[in-house]
Each structure stands twice: as structure tokens, then as C-alpha cells.
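A.B. asks: Take a look at the following structure, please.
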Amino acid sequence: MSGAGHVADMNNRLNRNRALKPSNRTRFKENNRDTIISDSEPIASKLTFKKVSEIELKEIKNKIRNRARKEHNRKTYILIGIILALLLFTILLVT
């Protein structure tokens, strides 16, 4: 009356995969994030962020917002164009 072991195999795989999750590794706990960089890379290769003044930061944010607004408008116009084309095609097809 024993099965082929499919359920046991599934449970074993789930347990092994759960153990591999990054959140279970010790290097992700607390403030121990320096060990995330592997030993093959020097510690000096960590990211360093550029310091900018408040005025420059506002300019950068405005540029990003303007670019996003233009992209949003472009996508909206394309969508309206497609809808109008489909509507026109449907009207021509029905008549």
C-alpha cells in the first residue's frame, strides 16, 4: 500500500528550497551586510553615492518628473490613437 514517494519527495524539495532562501542565511540578518560582497571582490568596490546639493537634487527630480510626464502623455496619445483606429475599423466593418 505504499505509494511512489511523490509526496515525500515534494516535502523534501520544499524543505531544501526553503533553507536556501536568502532571508534564512546569516549574512542577511541584522547589520551583517558587509559579508554580502564575496571574498573575490575587494571591499573597496562598494558603491559610493555622489553627494549633491539641495538645488541640484531638486533640478534632478524635476527632470525625472518631466521625463516621466512626457512618457505618460506619449503612451496616452498612442492608446487613444489605437482606440480611435479600432473604433473606425469597427464602424467601417459594420457598414
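The values are calculated or read from the model by the stated rules, or taken from the named source; none is laboratory data. Every value quoted in this text rests on a predicted model; they were computed, and no experiment measured them. Note that we place each Cβ from the backbone using ideal geometry, even for glycine, and neighbour counts take in every protein chain shown.
A.B. asks: So, residue 66, is that one surrounded by 10 or more Cβ atoms within 10 Å (Cβ to Cβ), at pLDDT 90 or above and not aromatic (Phe, Trp, Tyr) or not?
C.D. replies: When the stated conditions are applied, residue 66 passes them.
A.B. asks: While we're here: Restricting to the range 69-95, name every residue that is surrounded by fewer than 10 Cβ atoms within 10 Å (Cβ to Cβ) and either β-branched (Val, Ile, Thr) or touching a residue at least 24 places away in the same chain (Cβ under 8 Å) (or both).
C.D. replies: Hits for the range 69-95 are 91, 94, 95.
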